[in-house]
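We did not get these values from a lab; they are worked out from the coordinates using the rules stated. This structure is a prediction, so every number in the text was calculated from the model and none was measured. When we count neighbours, we look across all protein chains shown, and the Cβ atoms used for this are built from the backbone with ideal geometry, even at glycine.
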Amino acid sequence: MLLIKNARVMDPAGGFDGQADIMMDGGRILRIAPGLAAGPEDRVIDAAGCVAAPGLVDVHVHFRDPGFPAKEDILTGAAAAAAGGFTTVIMMANTSPKIDNAETLTYVLEKGRKTGIHVLSCANVTVGMQGKVLTDMKTLAAAGAAGFTDDGVPILDKELCRQAMLQAAALDLPISFHEEDPAFIKNNGINRGKASAFFGIEGSDRQAEISMVERDAELAAETGACVEIQHISAAESVAIVRRARAAGVNIHAEATPHHFSLTEEAAIEYGTYAKMNPPLREERDRLAIIEGLRDGTIDIIATDHAPHTKEEKSRGITAAPSGIIGLETSLPLGVTELVAPGHLALMDLLRLMTANPAKLYHLDAGYLAEGGPADVVIFSPEETFVAGKYASKAENTPFTGRRLMGRVRWTVCGGNVVYEA
């Protein structure tokens, strides 16, 4: 058995916030109560001064496996997740081969079972992510797909998108969208504005996202599908989602830590290490995302963990790939950028990173309860540390060297300690 002692236990799903111990065995929580006693063979974690919360849930990660093992693989991606306090992650399907068939999906899920955490995966919406023919979504759901997405590219065909939403709705699974219309983009990864002017390129116009969010909000209302807008970046997009949710549309949105922490000024300062799709935008967009997190318009925080090699990120601004790693800095950035300034209460931050994403994807995760999964993150919210020395294979992030609050001390998954600082 494993006993966590002296923790401040915080469970956003049930609303509990108080001092308690947590006893677990066999992958489940046995008891949550003060003053629990350990047996002679039990392992005890003294979590005094720490918060014990449900293991974090990230519904948007790229583990590059199969196809790109130099960037990351499922084992190292899972290690990075555990180091960041995540016990459940959902892989995106833009691997090579794509996860548009049951064979590749099975490979990913079987390898994920060897990691010590829960590694799930979405399947593709369209065959080969070509945006022309729908995958066999029913077969992929039966094979274990957590949801559907062509993340990395938009689905431009409106009628095809409508049909995909209808199928996802029939299967009662979420469908997620990368909202960037290439008609408004000359050089992706850099905002059209101050940053693009600095680099002497045309960049990515905000309308690329806005136009597609508007279209998919309308389709979500029409089809009744559970639609998730991925990595939202523009103030206007937040407003569209807010109006749709107020009208009762089953639409959700995720914000990344980099979009609520940084602006296009970071792209000017850090170059390719702050290049991502959609790009970092203006201060008004960052503030709109924070307000969306505050008022519930944006109901999920997801990392979009996107590892690349040092060689790839050393290329010029238009040649280097987009994306940054994020699993090991996500919770600390939430504490540093959202909780410490007073934008969110700690319980609200945890809800965005546990109960909400778990509910969206119908997961037995994101809560602490007797009989529930023994998945717990233990972190010190006041402790500071300097970001770096990652468990990920990659280090492409502008946050390296930055002092952050909220250090993860232990991660427990299935009753086993999978990370210890």
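The rows are residues; the columns are (1) farther than 21 Å from Asp304 by Cβ; (2) under 20 Å from the mean Cα position of the chain (by Cα).
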{"site": "Asp375", "(1), (2)": "yes, yes"}
{"site": "Ser380", "(1), (2)": "yes, no"}
{"site": "Glu383", "(1), (2)": "yes, no"}
{"site": "Ala387", "(1), (2)": "no, yes"}
{"site": "Thr397", "(1), (2)": "no, yes"}
{"site": "Gly406", "(1), (2)": "no, yes"}
{"site": "Val412", "(1), (2)": "yes, yes"}
Restricted to region 182-224 and to residues being in contact (Cβ under 8 Å) with a residue 60 or more places away in the chain and among the hydroxyl-bearing types (Ser, Thr, Tyr), the residue surrounded by the most Cβ atoms within 10 Å (Cβ to Cβ) is Ser204
Can you give me the number of residues within region 1-14 that are assigned to a strand (DSSP E or B) and under 20 Å from Gly366 (Cβ atoms)?
-> 7
Scope region 193-240; condition outside any helix (DSSP H, G or I) and under 19 Å from Leu287 (Cα atoms); matching residues = Gly193, Asp205, Arg206, Ile229, Gln230, His231, Ile232, Ser233, Ala234
Scanning region 73-116 for residues that are under 24 Å from Trp410 (Cβ atoms) and β-branched (Val, Ile, Thr), which turns out surrounded by the most Cβ atoms within 10 Å (Cβ to Cβ)?
-> Val89
The lone condition Gly342 fails out of (1) closer than 15 Å to Gly84 by Cα; (2) more than 18 Å from the chain's Cα centre (by Cα) is (1)
Odd one out for Val249, checked against (1) free of Cβ contacts under 8 Å to residues at least 40 places away in the same chain; (2) over 19 Å from the mean Cα position of the chain (by Cα); (3) part of a helix (DSSP H, G or I) | (3)
Residue match in region 251-268 (condition: of a type in the set (D, E, K, R), surrounded by 24 or more Cβ atoms within 10 Å (Cβ to Cβ) and within 18 Å of His343 (Cβ to Cβ)) = yes
Go through region 270-329 residue by residue and tally those that are part of a loop (DSSP other than H, G, I, E, B), in contact (Cβ under 8 Å) with a residue 60 or more places away in the chain and farther than 27 Å from Lys71 by Cβ.
-> 3
